[in-house]
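To keep things clear, I will list the structure first and then write my remarks on it.
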Amino acid sequence: MTWLRDGQPRGRPQFKIVDIYRFFVSVGYAVLSKRLLHFRKIVSLADKSRKSAPPAGSVSIESLAALVRIFDWLRPFAFKKTDECFLYCWALSRFLGKYGIYPSWVFAVLEQPFAAHCWLQHESYVLTDIPFNLRRMTPILVI
C-alpha cells in the first residue's frame, strides 16, 4: 500500500466553483444518509454506485490525488476528520463518484484492543489514511 498524498504539494489546491458545489452536495448527502439510514443501506448504496458505474477508464493518479487534495482542503469547512472515518469515506466516495472515480471502500478491524476502521483505496493507493496506520488492521469487507 502507498499513501496517495505522499509527496503531494501542501497548501490551497487549484479548484473551480463546480468542485466546491460537488463537495458540499457530497458531504450533505453523506451527513443526511448517515443520520437517517442504517449502515447496511449505506453500504448497499455504495455497492450499487460502484456496480452501476460505467467501466472505469484509466484514472490518472495525479488527477485522483488532486481531487482528494481538494476534498481534504475543503473538509474542515464541513466536518472534523477525528473519529469520522465512515463519514469521511462516504462523503469522499460520493465526491469522487461525481468525477467518475469509484475507489474501493475497505472496512477493517483490529483485534487487540478492538477497533473498527475504514478507508478508501484505489488499486494500491490509500486515499484517506496513511498505510502505516493500517498495517495491523484486518479487512473484513471491501466494496
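Some points to look at:
- Evaluated against (1) of a type outside the set (S, T, N, Q); (2) part of a helix (DSSP H, G or I); (3) within 12 Å of residue 127 (Cα to Cα); (4) in contact (Cβ under 8 Å) with a residue 40 or more places away in the chain, residue 105 falls short on exactly one condition, (2).
- Per-region count, the stretch 64-78, residues touching a residue at least 12 places away in the same chain (Cβ under 8 Å) and over 14 Å from the mean Cα position of the chain (by Cα): 1
- Enumeration of residues in the stretch 81-127 that are aromatic (Phe, Trp, Tyr), out of contact with any strand residue (DSSP E or B) (no Cβ under 9 Å at 6 or more places or on another chain) and closer than 16 Å to residue 25 by Cβ: 95, 99
- Identity of the residue in the stretch 69-102, of a type in the set (Ser, Thr, Tyr) and either assigned to a helix (DSSP H, G or I) or out of contact with any helix residue (DSSP H, G or I) (no Cβ under 9 Å at 6 or more places or on another chain) (or both), that ends up modelled with the lowest pLDDT: 82
- Where a residue in the stretch 115-143 is touching a residue at least 60 places away in the same chain (Cβ under 8 Å) and its partner, wherever it lies, is surrounded by 19 or more Cβ atoms within 10 Å (Cβ to Cβ) and in a loop (DSSP other than H, G, I, E, B), with Cβ under 7 Å and at least six apart: 121/103; 121/127; 122/103; 125/4; 126/4; 127/4; 127/103
- Taking the criterion of being more than 15 Å from the chain's Cα centre (by Cα) and not aliphatic (A, V, I, L, M), the residues of the stretch 43-62 that qualify are 44, 48, 51, 52, 54, 55, 57, 58, 60, 62.
- Filter result for residue 65 (in contact with a helix residue (DSSP H, G or I) (Cβ under 9 Å, 6 or more places away or on another chain), surrounded by 18 or more Cβ atoms within 10 Å (Cβ to Cβ), of a type in the set (Gly, Ala, Ser) and assigned to a helix (DSSP H, G or I)): no
- Residue that is farther than 19 Å from residue 33 by Cα, in contact with a Cys (Cβ under 9 Å, 6 or more places away or on another chain) and either of a type in the set (Gly, Ala, Ser) or buried (at least 17 other Cβ atoms within 10 Å of the Cβ) (or both), where the choices are 108, 115: 108
- Being without any contact (Cβ under 8 Å) to a residue 24 or more places away in the chain, hydrophobic (A, V, I, L, M, F, W, C) and closer than 21 Å to residue 13 by Cα is a property that residue 95 lacks.
- Residues of the stretch 8-47 that are part of a helix (DSSP H, G or I) and surrounded by fewer than 11 Cβ atoms within 10 Å (Cβ to Cβ): 17, 18, 32, 35, 36, 39, 40.
- Annotation: of all residues in the stretch 1-51 being among the aromatic types (Phe, Trp, Tyr) and over 16 Å from residue 95 (Cα atoms), the one that is modelled with the highest pLDDT is 39.
The values are calculated or read from the model by the stated rules, or taken from the named source; none is laboratory data. This structure is a prediction, so every number in the text was calculated from the model and none was measured. Counting neighbours? That spans all protein chains shown, and the Cβs are built from the backbone with ideal geometry, glycine included.
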